[in-house]
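The structure under discussion appears below in the form of C-alpha cells.
Rule-based calculations on the coordinates, nothing more; no lab input. Keep in mind that what you see is a predicted model, and the values were worked out from it rather than measured. Neighbour counts run over all protein chains shown; Cβ positions are idealised from the backbone, glycine included.
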Amino acid sequence: MEVWWALLAAALFGAADFSAGIASRRSPALTVTFLSQSTGVVLFGLSLVVLLEQPTGPALRWGGIAGAIAAVSVFLYYRALALGRMGIVATITAIWSAVVPFGLGLALGERPSTLAICGVIGVIFAVGMISYVPASTARPHTLPAAAARQKAFSMEGGVRFNRILPRHGFLLRFSQTPGMFGATLAGIGFGLLGVLLNQAGALGNVLWPVFSAAVASVMVTGLMLAGSRSPLLFDRGNLPHIISAGLMQSLGVLCFLLAIQTGLVSIVAVIVALSPAPTLLLARMFLAETLSRNQLLGFVVAMLGIALVTV
C-alpha cells in the first residue's frame, strides 16, 4: 500500500509544480510559493478543527523543521533555475532528492530486499533521465534584472573561491557552473523531508505534522518575502493556479507521510522523487511540449523499477 501512497504523492507534487510553474510566469515565484503554502495552512487548519486530532510535541517539532527546510529548498531550487541551465539544475536536484533519503534510510537501519534495492537504483537513474532537458530542446529564457545581478555576484564570488581550489579537477568545474551549489543544496533539502516527516509521524499523528510544516513554510517564506523588495502582488487570473498548487502540494505531503508510516523511507522517498514525470506529462498535454527519447526511456525504466520495488 505504501507504494501506491508514494506514487500518489509523486503525482500530486508533479501536478503542483506544473500549476506553480504556470502561475510563476505571471507572478513572482516567491509570492506564488507564499500564497500556495498559505492554502495548505487553511486546508489542514480546517481539517484539525473538524477531526479534533490531539497534537504531540514531536509531531509539531519535526513537522516545523521539515516545513522550514522545504521553504528554503524551494527558494534555492528557483534561484538555481534562474542562474543555471534548467535541465541540468532539475536533474541534479532530482537525483539528490532520491539518493539522500535512500542513503539515510540504510544508515538508520532499514534493510530493503535485493529486488527492492535494484528497483530503487533503477528509479534513481529514471529520475535523472526524466528530469534532464537537452539544451537544444529547452525553451530560451531571459533572466530578470535581479537574477542577472545575482548571477554576476555568484560568478565573482566563484572567482575568489576558486583561488583556494586546485587549478584543475571536478571541484573547480563544479564551482564554475552557475546554480550547481543551489541545485545540490535544494536536492539534499528535499531528500531530508522524508526522514523528518517519518520522525514527525512516528507516534501516529497525521494532520498535525503537515499542518506544522505548512505553518513553518509560510513563516520562512514570509520572512524571505519581507526581506526582498518585491511586494505581495499577483495577477488575479493566477489565483486558481496558486490555490490548486497549494492544495495538491499539501495533499502530496499528507500522502508522503502516510506512505512512510507503513513503508521504508529509503524506498518511499525515491518513488516520490519521480514527481518530474507527471509535470512533464501535463506540459505535454496542455502546453504541447515535446518529450525526448531519453525521457520516454526514463518512464519505462521508472515503471520497471517500481515493479521491482512492489515485488
**Request:** Along Cα→Cβ, 7 Å out, is where each label goes; now give me the distance between the ones at L48 and L304 in nm to one decimal.
**Result:** 4.6
**Prompt:** With labels modelled as points extended 7 Å from the Cα through the Cβ direction, what inter-label distance (nm, one decimal) is found for L106 paired with W4?
**Reply:** 3.0
**Prompt:** What nm distance separates the two modelled labels at R25 and L223, each placed 7 Å from Cα along Cα→Cβ?
**Reply:** 3.4
**Asked** So for M303, M285, fewest C-beta neighbours within 10 Å to most, what's the order?
**Response** M285, M303
**Complete:** Plugging the Cβ-Cβ distance of R293 and C118 into 1/(1 + (r/R0)^6) at R0 = 22 Å yields, to the nearest 0.05, a FRET efficiency of 0.40
**Message:** I need the phi-derived Karplus couplings for segment 244-260: 6.51 cos²θ - 1.76 cosθ + 1.60, θ = phi - 60°, integer Hz, Gly and Pro marked x.
**Reply:** 5, 5, x, 5, 5, 5, 5, 5, x, 4, 4, 5, 4, 5, 5, 5, 7
**Complete:** Calc'd 3J(HN,Hα), segment 291-304, phi into Karplus 6.51 cos²θ - 1.76 cosθ + 1.60 (θ = phi - 60°), Hz, glycine/Pro = x, comes to 10, 7, 5, 5, 5, 4, 5, x, 4, 5, 4, 5, 5, 5
**Request:** Treat the count of other C-beta atoms within 10 Å as a stand-in for reagent exposure and order E289, E2 from fewest to most.
**Result:** E289, E2
**Prompt:** Roughly how many Å is it from the Cα centre of segment 258-294 to that of segment 8-43, as a whole number?
**Reply:** 16
**Asked** So what's the Cα pair-distance distribution over segment 197-311, bin width 5 Å, in %?
**Response** 2, 9, 13, 16, 16, 16, 14, 10, 4, 1, 0
